[in-house]
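Below: one structure, written as structure tokens.
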Protein chains: 4
Amino acid sequence: MIRLRRSQAVAGLTTGRITAFSDGVFSIAITLLVLNLRVPTVLPSESPGNVLDQLRTQWPNLLSYILSFVIIGIYWIAHHNMFHYIKRSNRAFLWINILLLMCVAFIPFPAGLLGQFSFIEQPLLARVAEIIYASNLILTNLMLSLLWWYATSDHRLVDQDIDPHFVRTVNRRNMTAPVVYLVSIGLSFLSPLASLIVFFLFPLYYIIPSHIDLHLTPTSRTKEEPKEHEDSTGEDSSITGGEGEEDIS
Amino acid sequence: MIRLRRSQAVAGLTTGRITAFSDGVFSIAITLLVLNLRVPTVLPSESPGNVLDQLRTQWPNLLSYILSFVIIGIYWIAHHNMFHYIKRSNRAFLWINILLLMCVAFIPFPAGLLGQFSFIEQPLLARVAEIIYASNLILTNLMLSLLWWYATSDHRLVDQDIDPHFVRTVNRRNMTAPVVYLVSIGLSFLSPLASLIVFFLFPLYYIIPSHIDLHLTPTSRTKEEPKEHEDSTGEDSSITGGEGEEDIS
Amino acid sequence: MIRLRRSQAVAGLTTGRITAFSDGVFSIAITLLVLNLRVPTVLPSESPGNVLDQLRTQWPNLLSYILSFVIIGIYWIAHHNMFHYIKRSNRAFLWINILLLMCVAFIPFPAGLLGQFSFIEQPLLARVAEIIYASNLILTNLMLSLLWWYATSDHRLVDQDIDPHFVRTVNRRNMTAPVVYLVSIGLSFLSPLASLIVFFLFPLYYIIPSHIDLHLTPTSRTKEEPKEHEDSTGEDSSITGGEGEEDIS
Amino acid sequence: MIRLRRSQAVAGLTTGRITAFSDGVFSIAITLLVLNLRVPTVLPSESPGNVLDQLRTQWPNLLSYILSFVIIGIYWIAHHNMFHYIKRSNRAFLWINILLLMCVAFIPFPAGLLGQFSFIEQPLLARVAEIIYASNLILTNLMLSLLWWYATSDHRLVDQDIDPHFVRTVNRRNMTAPVVYLVSIGLSFLSPLASLIVFFLFPLYYIIPSHIDLHLTPTSRTKEEPKEHEDSTGEDSSITGGEGEEDIS
């Protein structure tokens, strides 16, 4: 009896509540990014030209906004896809997730640094901003990998019938981003601009559907999803778990 | 088998979860607008008159707050109405939605510019702010149009029995706002004030119910919604889909 | 047919979704209040005494934080109590609610003014801040009253069996706050401090349970809520609607 | 009749809605912490070295971010665990919860003070920041204790069959944090650094699973949670309430 009791230490925290809290943090962090753009104050003494110059200095912040918005979007999708398979929770898992959120909620700060430092003619500052930005993302990815590894090893928090090949593939693929961002850190010592280009190109890997994806989606959808006429909110409980290689991270 | 798997790449992201995340972004963006209003700092050395002058410079920010709050409100309603018909999701749709959110979450910045620049005696700055503001809204509308077009063409993510006339009407109507905002950009070169007036009048088109709307709503409601005595949360699953011309965007 | 269609113009916006969006705005506005407190920047050249002086100037902001947090809390409770009875939605109702949220989301700004202006030795500034603060609250209350009046008149959006005495009582009580805040505006011309004291005392009217309340709650609870052993999330659908006089606003 | 009516004064506020609003405040407060980190503005005239110096002054803010993120995370977990047992709500309970949220939403401010003051060579400022930080946490803990005490005494808002030993244990354990933070305030007079170390070590008490926990969790989980193949959202209604000593606060 005592044993059962203690094991339910986080009984109140179902995965439903964890994702609700996590979604809150994701959506706030992604929306706070806009605060890095600064509205120039117009003083009566200032000439319009000066104000426009100040406004022009905001375009790197705009680029950083777009980049960071897409990256947080990618993490949100990865997080949700993982929670599609994760059925239970425990204290350690809960804290891995909180550490992951700590990394995600931090992104607006390096995003601000990147906007301020990386598009100007000072290689030293550009490099520093890029290293901090990349380090934050590497850490976020490692927490995401840890979350998946912890939940799936020994089927700790997932169903017994999860495809072991799929679990291993995700584990392996989770290491792609840390490696790419490590390379971009190295690259920043040669050319901050090259590193920046890697930042902007890499997310496309997660966004653009693969060749196979494009052709198969319509066909298979018809099969797996018979017409539903109920006014469902889209919670389609008939989907038993996608096992495509791209679906996590 | 492989085919089915890959097509479920975003299986974990039901439309219910997408709207929850989107609602988060909409409600945060709309609430961040207030941060554009600046509380004057009272230094002991400053005269009360000076402080009040500083406070008076906030009224354009107040007007911009009201305008932008209403506009984000309109987008939120349009987004929700669309998701009333959208039953499924896929990777491309997910990213169109994230790009739409990127445009919506950006609104606090041009709203700040409009408040700072558009009500002062400097036509150049007023025009720049109006062009940026209108461009952001044009982009937001184009993403909203793309979202609807993508979801409905070939009944990709909607039910088969959706009224094709309704789908086409929404597609056509979605282009109203981009055209109006393009006109307001042109107008800003003649008179920034005229452009500003268009900004404030156009939202009324979405708010004020049409003549027909006013007369029909009470009659038809009685028919379609029999008294319900259950303590429902308002999720009225008996509504099978409004097809009025005004219901989207 | 056409009639039915048009009447469902906001079919996608169930009251459930409206409260979710509203809750988002309420919780963000209430949490943004803390941004009115400013952390003094410590420059190496500054003496610790100077920094502590700067910190001491934050206590009015602290008082404003507490006051405004409680007031937004009161509005949130009133809003939720109203939506307990409101079962349907339409376009006009939706926009009244968005205008209400516009008033609530604005509170952090007058809260900042009150913190900066109202506790210093400058009656003019104190009065201005109090008038703006009270006006914002009057407007918020009027929107809340309008929301209830619109939803209940002719049983437009509520059930037919709602107690008409209860509806009238709420309508009448909704006018208490606007009157009190109008009086506090008048009072601010005599003594800004007196007006401030009204601000801090009035919320107690909503918080402190009435004499009758205190005695009856335990007794009646036992009767109406039989023990439930299911792990419910607290959505107690057996409650058919409180009709106490205090329950709204 | 009249009695029943009045007792339902907060009928509209189920515990489900209270937790949703609370989760909103928790997730926003935790995400606002990042705003305490300041991106240095790069002026053309400034040397890169100067900018990097400014950036270096942010590491105490980073430490404060990590600490405060973990602490808000702990409160969120405690809050949710409590609401696992709390089945009903009333007016007084509602206001205790709003006061608790007021304390939680305030944390970003003392977190900012701690980051600015506590890692510099000015013991006076460090001590002041630590006292404010610790006082905020003591107050938060007292509200959390009050919430639990109020809900459980006389089984006011919990089920009749809750383990009385468990209730008492939580009541007693809830006093640990206030005592520790009181000690850290005393310690700050001897050595601000020592006090800071207590701040960083104490949360580990809530994070690190106890020896028994580690060994029992896998065993007992298998027993209590038979494999589920439904696509549940994780709301595991079969858990009837953990009674482990660690589960609250």
Exercise. Is it true that residue D:151 is more than 9 Å from every other protein chain (Cβ to nearest Cβ) and in contact with a strand residue (DSSP E or B) (Cβ under 6 Å, 6 or more places away or on another chain)?
Worked result: yes
Checked region D:56-65 for anything outside any helix (DSSP H, G or I) and either within 27 Å of the chain's Cα centre (by Cα) or modelled with pLDDT of 90 or more (or both); matches are D:58
Within region C:77-96, residues modelled with pLDDT of 95 or more and open to solvent by less than 10 Å² (accessible area, probe 1.4 Å) come out as none
Here the qualifying pairs (Cβ atoms under 9 Å; residues six or more apart or on different chains; first in region A:106-126 and more than 7 Å from chain D (Cβ to nearest Cβ); second basic (Lys, Arg) and open to solvent by 10 Å² or more (accessible area, probe 1.4 Å)) come out as A:118/A:127
Those residues of region A:146-167 which are small (Gly, Ala, Ser) and surrounded by 21 or more Cβ atoms within 10 Å (Cβ to Cβ) amount to A:151
Taking region C:160-212 and keeping only residues that are under 22 Å from residue C:65 (Cα atoms) and touching a strand residue (DSSP E or B) at 6+ places or on another chain (Cβ under 9 Å), one is left with none
When (1) at pLDDT below 95; (2) more than 8 Å from chain B (Cβ to nearest Cβ); (3) surrounded by 22 or more Cβ atoms within 10 Å (Cβ to Cβ) are applied to residue C:30, the one that fails is (1)
Restricted to region C:34-51 and to residues being within 7 Å of chain D (Cβ to nearest Cβ) and at pLDDT 90 or above, the residue farthest from residue C:142 (Cα to Cα) is C:39
Output yes when any residue across region C:237-248 is assigned to a helix (DSSP H, G or I), surrounded by fewer than 16 Cβ atoms within 10 Å (Cβ to Cβ) and modelled with pLDDT under 95, and no when none is. no
Exercise for the section: With the condition kept exactly as written, say whether any residue in region D:35-55 is under 28 Å from the mean Cα position of the chain (by Cα), assigned to a helix (DSSP H, G or I) and more than 27 Å from residue C:78 (Cβ to Cβ). Expected result: yes
With criteria (1) part of a helix (DSSP H, G or I); (2) among the polar types (S, T, N, Q); (3) free of Cβ contacts under 8 Å to residues at least 24 places away in the same chain, residue C:68 comes up short on (3)
A careful count of residues in region B:35-76 that are of a type in the set (Gly, Ala, Ser) and open to solvent by less than 30 Å² (accessible area, probe 1.4 Å) gives 3
Yes or no: residue D:126 modelled with pLDDT of 95 or more and small (Gly, Ala, Ser)?
no
Every listed condition ((1) in contact with a His (Cβ under 8 Å, 6 or more places away or on another chain); (2) open to solvent by 10 Å² or more (accessible area, probe 1.4 Å)) holds for residue A:22 save (2)
Pairing a residue in region D:161-190 that is under 19 Å from residue D:150 (Cα atoms) with any residue that is of a type in the set (A, V, I, L, M) and not in a helix (DSSP H, G or I), where Cβ atoms lie under 9 Å and the two sit 6 or more apart in sequence or on different chains, gives D:166/D:248; D:167/D:158; D:169/D:248; D:170/D:248; D:173/D:248; D:174/D:248
The condition of being surrounded by 14 or more Cβ atoms within 10 Å (Cβ to Cβ) and in contact with a Pro (Cβ under 9 Å, 6 or more places away or on another chain) holds, among A:178, A:192, only for A:192
Picking from A:138, A:132, A:197, the residue that is more than 28 Å from residue A:55 (Cβ to Cβ) and not in a loop (DSSP other than H, G, I, E, B) would be A:138
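The values are calculated or read from the model by the stated rules, or taken from the named source; none is laboratory data. Predicted, not measured: the structure shown is a model, and the values here were computed from it. Positions of Cβ are backbone-derived with ideal geometry, glycine not excepted, and every protein chain shown enters the neighbour counts. All accessible areas refer to the heavy atoms of the entire protein, side chains included, with ligands and DNA or RNA removed. Shrake-Rupley method; radii C 1.70, N 1.55, O 1.52, S 1.80 Å.
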